[in-house]
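Q: The structure that follows is given in the form of structure tokens.
The values are calculated or read from the model by the stated rules, or taken from the named source; none is laboratory data. Please read these numbers as outputs of a predicted model, since none were measured by experiment. With ideal geometry, Cβ positions are generated from the backbone for all residues, glycine too; neighbour counts draw on all protein chains shown.
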């Protein structure tokens with residue numbers, strides 16, 4: 001696999017980098033991403049590929065189940081650098097179908113660190129359990145609802161962070177969006193459209 005990756009780099013340089021050298025030299029000098037992406041670490045989910053965007057477009061943070069944790073210095077520093085220094089105006093929280101982290105939230109998990117991490121999404125499970133009982137959902141349907149509810153919960157966490165609250169006290173920037181990527185079809189469902197929130201202001 002390592003040889004394949006290195007061969008892939010040679011092909012990238014030949015077919016993508018060199019024909020677009022001016023663009024890549026521009027972003028080599030300075031990054032000016034337009035979006036801060038908070039997504040899942042899942043190997044099937046590539047933010048640039050699914051959106052047809054180039055390197056330099058997005059400032060990216062990925063973790064198990066696209067969680068926004070209050071005590072996570074990593075995501076806090078990424079948010080601060082992205083919003084304050086890079087002046088990013090749009091943040092996307094993107095979950096995806098068939099997520100192992102979401103299934104673990106539903107089924108429970110015994111590994112210590114994973115279990116502790118997924119506790120941060122427990123509020124989404126409470127909401128989903130109620131919805132599933134009311135609608136008599138199948139397991140697959142329930143997992144999809146849980147995925148969407150987790151995105152919404154992480155947006156709530158994001159909006160409660162002091163950095164974002166202070167930014168929003170000044171206006172509607174950064175706009176916050178919630179997406180659901182369907183690994184089985186490649187399509188994106190918009191769950192929360194931050195542009196609409198801005199329009200209401």
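Q: Report whether or not residue 56 is assigned by TED's automatic domain parsing to the domain that holds residue 91 and more than 30 Å from residue 103 (Cβ to Cβ). Break it down stepwise before answering.
A: On the way: assigned by TED's automatic domain parsing to the domain that holds residue 91: yes; more than 30 Å from residue 103 (Cβ to Cβ): yes.
When the stated conditions are applied, residue 56 passes them.
Q: Working only within the stretch 72-90, note down all residues that are more than 19 Å from residue 42 (Cα to Cα) and buried (at least 19 other Cβ atoms within 10 Å of the Cβ).
A: Once the filter is applied, which keeps residues that are more than 19 Å from residue 42 (Cα to Cα) and buried (at least 19 other Cβ atoms within 10 Å of the Cβ), the stretch 72-90 yields 79, 82, 83, 88.
Q: Being part of a loop (DSSP other than H, G, I, E, B) and in contact (Cβ under 8 Å) with a residue 40 or more places away in the chain is the filter; apply it to the stretch 83-98 and report the residue that is farthest from residue 58 (Cα to Cα). Let's see the steps before the verdict.
A: At the first step, the residues of the stretch 83-98 found to be part of a loop (DSSP other than H, G, I, E, B) are 86-89, 97-98.
Narrowing the set further to residues that are in contact (Cβ under 8 Å) with a residue 40 or more places away in the chain leaves 86, 88-89, 97-98.
Numbers: 86: 11, 88: 9, 89: 11, 97: 22, 98: 24 Å.
If we take residues in the stretch 83-98 being part of a loop (DSSP other than H, G, I, E, B) and in contact (Cβ under 8 Å) with a residue 40 or more places away in the chain, then 98 is farthest from residue 58 (Cα to Cα).
Q: Being closer than 30 Å to residue 34 by Cα, at pLDDT 95 or above, out of contact with any strand residue (DSSP E or B) (no Cβ under 9 Å at 6 or more places or on another chain) and in the same structural domain as residue 51 (by TED's automatic domain parsing) is true for just one of 141, 149. Which residue is that?
A: Testing whether each residue is closer than 30 Å to residue 34 by Cα, at pLDDT 95 or above, out of contact with any strand residue (DSSP E or B) (no Cβ under 9 Å at 6 or more places or on another chain) and in the same structural domain as residue 51 (by TED's automatic domain parsing) leaves just 149.
Q: Suppose we filter 180, 158, 163, 143 for residues that are in contact (Cβ under 8 Å) with a residue 24 or more places away in the chain and more than 24 Å from residue 83 (Cα to Cα); which single one remains? Full working, then the answer.
A: Working: 180 fails: more than 24 Å from residue 83 (Cα to Cα); 158 fails: more than 24 Å from residue 83 (Cα to Cα); 163 fails: more than 24 Å from residue 83 (Cα to Cα).
Unique residue meeting the criteria: 143.
Q: With (1) modelled with pLDDT of 95 or more; (2) loosely packed, with under 13 Cβ neighbours inside 10 Å; (3) over 18 Å from residue 161 (Cα atoms) as the list, and residue 58 as the residue in question, which single condition is left unmet?
A: Among (1) modelled with pLDDT of 95 or more; (2) loosely packed, with under 13 Cβ neighbours inside 10 Å; (3) over 18 Å from residue 161 (Cα atoms), residue 58 violates only (2).
Q: May I ask you to verify whether residue 173 is surrounded by 11 or more Cβ atoms within 10 Å (Cβ to Cβ), modelled with pLDDT of 95 or more and assigned by TED's automatic domain parsing to the domain that holds residue 63?
A: Working: surrounded by 11 or more Cβ atoms within 10 Å (Cβ to Cβ): yes; modelled with pLDDT of 95 or more: no; assigned by TED's automatic domain parsing to the domain that holds residue 63: yes.
No.
Q: Test residue 137 against the stated conditions and say whether it is touching a helix residue (DSSP H, G or I) at 6+ places or on another chain (Cβ under 8 Å) and farther than 29 Å from residue 162 by Cβ.
A: Numbers: touching a helix residue (DSSP H, G or I) at 6+ places or on another chain (Cβ under 8 Å): yes; farther than 29 Å from residue 162 by Cβ: yes.
Yes: the conditions hold for residue 137.
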